[in-house]
Amino acid sequence: EGSSPLEDGVTVMFIMHQHALVVRLRTNIDHVDHIENFSRPEGAREGSIAYAAWKYTSSSTDSSPIDEERVSWLALAWDRQVQVAKLVKSKMIRHKDWKLDSAAVGIAWLNDQMLAVLNLKGQLCLFSKDGSELRRTIFILDGFVFDDSILYHTHFSNRFGNPERHFNNSVAVRGATVYILGPSFLTVSRLLPWKERIEALKMAGDWMGALDMAMKLYDGHTQGVVDLPRTVDSIRGAIMPYLVELLLSYIGYVFEYISIALSNHTGKGGAIDGLIDADRSLLTQREEQYARVGGVAVEFCVHIGRNDILFDTVFSKFVAAQSGGIFLEVLEPYILKDMLGSLPPEIMQALVEHYSGKGWLQRVEQCILHMDISSLDFNQVVRLCREHGLYGALIYLFNQGLNDFRTPLEELLSVIQNATRKDATSTCYRMLVYLKYCFQGLAFPPGHGTIPRAQLHAVRKELLQFMLEDSKMLTSEVFKGFSSSSGKCPNICYLLWMDTEATLEVVKCAFAQENFEPTSSTLDASVSKDEEDTDIESPDSQNILLQSVVDAIIHIVGLENEAIHSVVVGTAESEESELWPSVSDFGHIVEFVSFFVSYKRANASQRVLKHILKYLTSSTTSYDDKKMPPQKEVLQLFNVVPQTDWNSDYVLNLCLDAHFHQACGMIYTARNQNLAALDSYMKDTMEPYHAFIFINKKLLQLASDEALSFRSTVISRFAELVNLSRECAFVLVIDHFHDEIQQILAELHSDHCSLFLFLKTAIEVHLSGKLDFSELTARNYEIVESLYSGDLEDYLQRLSNLPKLFDRNPISMTDKLVELYLELLCQYEPRSVLKFLETFDSYRLERCLLLCLDYGVTDAAAFLQERVGDVASALELVLAGLDEKVNQFIASVENAFSRTSSKSISEIEQPDIVLNMSEVPLLCPLKY
């Protein structure tokens, strides 16, 4: 093989039975350079001799530095083994080895990328130099055998002396043609050029195969092709005209076939009108075939980047075949998959009109949302969206195309202003959803990312200011109604009139903060925090804007007046006239204003506060789990609004009428009327712990005579406190009244129930050392914590020290107290007596036994008799009780079954006397 001119000498290969030696022969000196020694591969047949082929290349397309040098490629086929190596600067580098399914009889390079290998099966195989098989064919002609097709000699013998067939020099390559020399003829095999291959597939009717091969060539998959440039760009430039011609040929061929099929069916040139009546199924097949062709055309044109051909020539052919609509429908899935990002104006026009005619406006809107705005005719698409009511797409176009968030609001509001309430409902809710997304920092429609954080403040401010601007639609009924009532009609009036609750909830989203509890939606947290916070609104600027919104709503409703405004939309005489706000609408507005006032985000006048408090204390106020209870809202207002802004006497009467005991307690506390405050808190049986929080606070604050008076009042009302919460009352005693324990017990003697509850709590503490305060972590705990954060924290802190309090101020459980508790237990919980006696071991047996016998607690009495050793009496007591119960059971059964003759089985009464017995004797194991 020829060598580089810069190299001195020539490289040759010597092939032997066991080795193939590569050396360089010098021309000027008598010297041989050893380069490489290839040993016969393991598994090669004994006696086989290698076939070799060289290929010298002056340049390489590889990018590695070593391959930029001039190289010589060596291919060595040894029985069923193929080895490829390259010679670079007198160094042989192994490249690839692979196995064949039949022994090789010849090998040759087609170019520096492909090898032709002949085998004993009479097959001509094409491989890449990496070992990938590209093609395979038979070179033996029909009627001939292998020995007739290729020439061989037997000049070489194996090591046993037997001649071996050898096919050296029987294969030669020139260009893309392989010549195989036979005994009497020459076989010529030619590798078809790429164009002829595609044409062959066309002629065979395999259009899909032809188009697929064309797309592969376009992508640069040219293995097995020798007549194309090396770079992908050069390949595309060379084959592009033919690709376009191929596609148009395919479309013309299929269209002609469809036309002939229709003509044969109708006999009248394929008239479509006749076809509809004759055979609707054939019409469906026709549409499916056109759709299939359209899909192939779209994929092919998108793949090769020739959308101009798709929307010009291809679309024209479909229109000429009266199938333009089918073509437009074929485009939809490719648009939704973002494979078609733009459409020419005429195609967009046709698409919208076609889908509009079929009532598919939602689908065409989805198509617009997937298009690249910069490549569209913006004005045309906006005009189409306006004409067909595609407001979701219109919002997308203005937001993403022009960074304009206000104009879509104007468009939507214009629709609401010019329509009846019924017709404008859907547009109103679309407008509210758009506003909510913008306020939350999310792009609209959903799924299109977020609004840049640096821009969010400006967007919110712009949209809110638009909502507060006076309406320009002076002729609408809503404008007339609100203007005549309040003197002006801001744009927000239209939304309030449509749905007051939803509008106010959306407005809340504009002022939500992470430490603020307004809504359950994910708000600013959804906005990427990686963006620059260059224009983030400060709380002060946000509150100024919020105050403007609150003031506007107050003015619209007339909360600054004694009587609120009533807006009549439509003429009073008309049956279609509507009155706003309704009772529920007014409630939503008051709650909205109260909400922001209570969180110190907005201010309100005394007149407005009066309306708010009157509403919250009215019987019509309702709430659910998502809202704060009305009394809690009143308390929240008390915490943030100065006392000078509300009349305490007026508000106290409202709270008394509404039975807002906590609110009354707070007002009395502010007036320093502690006893009245205590009375109010003790009336709140739903949340009794407030009374104990108040008492604990006052006992720590008051001093001298005032403290003594308050302590006396608490002791005098201790029975009521125990009934409110026996656990809290017990803690109160050991924390503040340990020295007055006897006085408290004496006070409780007048109320046996309270005394029993108190002693029961004392016994529980004595036995377990802890109490259950789960009420303090009930469902309203978060609200309680926000309203009484300091007082509640102090109280919970004292409760956390409960074990220390028990140790410091223990209550001695004397025999007298235990017997008193046992007597009360026999009265109120007789079934718990036995368990108490089994658990508590420090009591006088004889006295407790007499108590159990006196109150008829037979199981406990039997247990005590057994403990004192009187087993016979215990057994007699148990059996006596059992005889009585058995007799009652028998009498009840007899009485029930005596009436079965007149009643069905399902109507037989159960023995109620036995089932409702106060207690059944427990047969305890007796020890003899």
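Below are the figures for this structure:
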{"read-out": "Filter result (in contact (Cβ under 8 Å) with a residue 24 or more places away in the chain and among the polar types (S, T, N, Q)) within the range 123-156", "value": "Ser128, Ser132, Thr137, Ser149"}
{"read-out": "Flag for Ser768 being assigned by TED's automatic domain parsing to the domain that holds Lys804, under 53 Å from the mean Cα position of the chain (by Cα) and surrounded by fewer than 16 Cβ atoms within 10 Å (Cβ to Cβ)", "value": "yes"}
{"read-out": "Failed condition for Gln18, given (1) under 21 Å from Phe156 (Cβ atoms); (2) at pLDDT below 90; (3) surrounded by 13 or more Cβ atoms within 10 Å (Cβ to Cβ)", "value": "(3)"}
{"read-out": "In the range 143-162, the residues that are under 26 Å from Leu124 (Cα atoms) and of a type outside the set (S, T, N, Q)", "value": "Gly143, Phe144, Val145, Phe146, Asp147, Asp148, Ile150, Leu151, Tyr152, His153, His155, Phe156"}
{"read-out": "Breaking point among (1) farther than 23 Å from Met813 by Cα; (2) assigned to a loop (DSSP other than H, G, I, E, B), for Tyr843", "value": "(1)"}
{"read-out": "Residue among Glu353, Glu332 that is more than 14 Å from His370 (Cα to Cα) and among the acidic types (Asp, Glu)", "value": "Glu353"}
{"read-out": "Matching residues in the range 210-230 - criterion: being without any contact (Cβ under 8 Å) to a residue 12 or more places away in the chain and either out of contact with any helix residue (DSSP H, G or I) (no Cβ under 8 Å at 6 or more places or on another chain) or crowded, with 18+ Cβ neighbours inside 10 Å (or both)", "value": "Asp212, Lys216, His221"}
{"read-out": "Members of the range 743-776 found to be closer than 24 Å to Thr685 by Cβ and either hydroxyl-bearing (Ser, Thr, Tyr) or in contact with a Cys (Cβ under 6 Å, 6 or more places away or on another chain) (or both), listed by number", "value": "Ser750, Ser754, Thr761, Ser774"}
{"read-out": "Hits in the range 159-181 (condition: among the small types (Gly, Ala, Ser) and either at pLDDT 85 or above or surrounded by 16 or more Cβ atoms within 10 Å (Cβ to Cβ) (or both))", "value": "Ser170, Ala172, Ala176"}
{"read-out": "Condition met for Lys86 (among the basic types (Lys, Arg), in the same structural domain as Gly47 (by TED's automatic domain parsing), buried (at least 19 other Cβ atoms within 10 Å of the Cβ) and free of Cβ contacts under 8 Å to residues at least 24 places away in the same chain)", "value": "yes"}
{"read-out": "Helices (runs of 4 or more DSSP H) completely within the range 641-735 that count 1 or more residues being in contact (Cβ under 8 Å) with a residue 60 or more places away in the chain", "value": "689-701"}
{"read-out": "One residue from Phe444, Phe398 being outside any helix (DSSP H, G or I) and buried (at least 18 other Cβ atoms within 10 Å of the Cβ)", "value": "Phe444"}
{"read-out": "Matching residues in the range 28-48 - criterion: being closer than 19 Å to Trp78 by Cα and assigned to a loop (DSSP other than H, G, I, E, B)", "value": "Arg40, Pro41, Glu42, Gly43, Ala44, Arg45, Glu46, Gly47, Ser48"}
{"read-out": "In the range 43-72, the residues that are out of contact with any Ser or Thr (no Cβ under 8 Å at 6 or more places or on another chain), among the charged types (D, E, K, R) and at pLDDT 75 or above", "value": "Arg45, Glu46"}
{"read-out": "Any chance His690 is surrounded by 23 or more Cβ atoms within 10 Å (Cβ to Cβ) and in the same structural domain as Leu799 (by TED's automatic domain parsing)", "value": "yes"}
{"read-out": "Residues within the range 410-419 that are free of Cβ contacts under 8 Å to residues at least 60 places away in the same chain and surrounded by fewer than 22 Cβ atoms within 10 Å (Cβ to Cβ), tallied", "value": "6"}
{"read-out": "Test: residue in the range 335-348 that is surrounded by 14 or more Cβ atoms within 10 Å (Cβ to Cβ), of a type in the set (Gly, Ala, Ser) and outside any helix (DSSP H, G or I)", "value": "yes"}
{"read-out": "Test for Lys626: is it at pLDDT below 90 and either on the phi > 0 side of the Ramachandran plot or part of a helix (DSSP H, G or I) (or both)", "value": "no"}
{"read-out": "Which numbered condition Met371 fails, given (1) buried (at least 20 other Cβ atoms within 10 Å of the Cβ); (2) in contact with a helix residue (DSSP H, G or I) (Cβ under 6 Å, 6 or more places away or on another chain)", "value": "(2)"}
{"read-out": "Ser704 touching a helix residue (DSSP H, G or I) at 6+ places or on another chain (Cβ under 9 Å) and either among the hydroxyl-bearing types (Ser, Thr, Tyr) or within 19 Å of Val765 (Cα to Cα) (or both)", "value": "no"}
{"read-out": "Test: Gly237 is in a loop (DSSP other than H, G, I, E, B) and in the same structural domain as Ala320 (by TED's automatic domain parsing)", "value": "no"}
{"read-out": "Residue list for the range 28-42, restricted to those being surrounded by fewer than 16 Cβ atoms within 10 Å (Cβ to Cβ) and either at pLDDT 85 or above or not assigned by TED's automatic domain parsing to the domain that holds Lys86 (or both)", "value": "Asn37, Ser39, Glu42"}
{"read-out": "Candidates Glu245, Glu256 - the one that is over 48 Å from the mean Cα position of the chain (by Cα), modelled with pLDDT of 85 or more, closer than 25 Å to Asp312 by Cα and loosely packed, with under 14 Cβ neighbours inside 10 Å", "value": "Glu256"}
{"read-out": "Hits in the range 632-660 - residues which are touching a Cys at 6+ places or on another chain (Cβ under 8 Å) and crowded, with 21+ Cβ neighbours inside 10 Å", "value": "Val634, Cys655"}
{"read-out": "Condition check for Tyr668: under 18 Å from Leu732 (Cα atoms), at pLDDT 90 or above and either surrounded by 16 or more Cβ atoms within 10 Å (Cβ to Cβ) or touching an Asp or Glu at 6+ places or on another chain (Cβ under 7 Å) (or both)", "value": "no"}
{"read-out": "Meets criteria (free of Cβ contacts under 8 Å to residues at least 12 places away in the same chain, over 28 Å from the mean Cα position of the chain (by Cα) and surrounded by fewer than 20 Cβ atoms within 10 Å (Cβ to Cβ)) for Thr425", "value": "no"}
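The values are calculated or read from the model by the stated rules, or taken from the named source; none is laboratory data. Nothing here was measured: the structure is a model prediction, and the numbers come from that model. In this analysis, Cβ positions are derived from the backbone assuming ideal geometry, glycine residues included, and neighbour counts consider all displayed protein chains.
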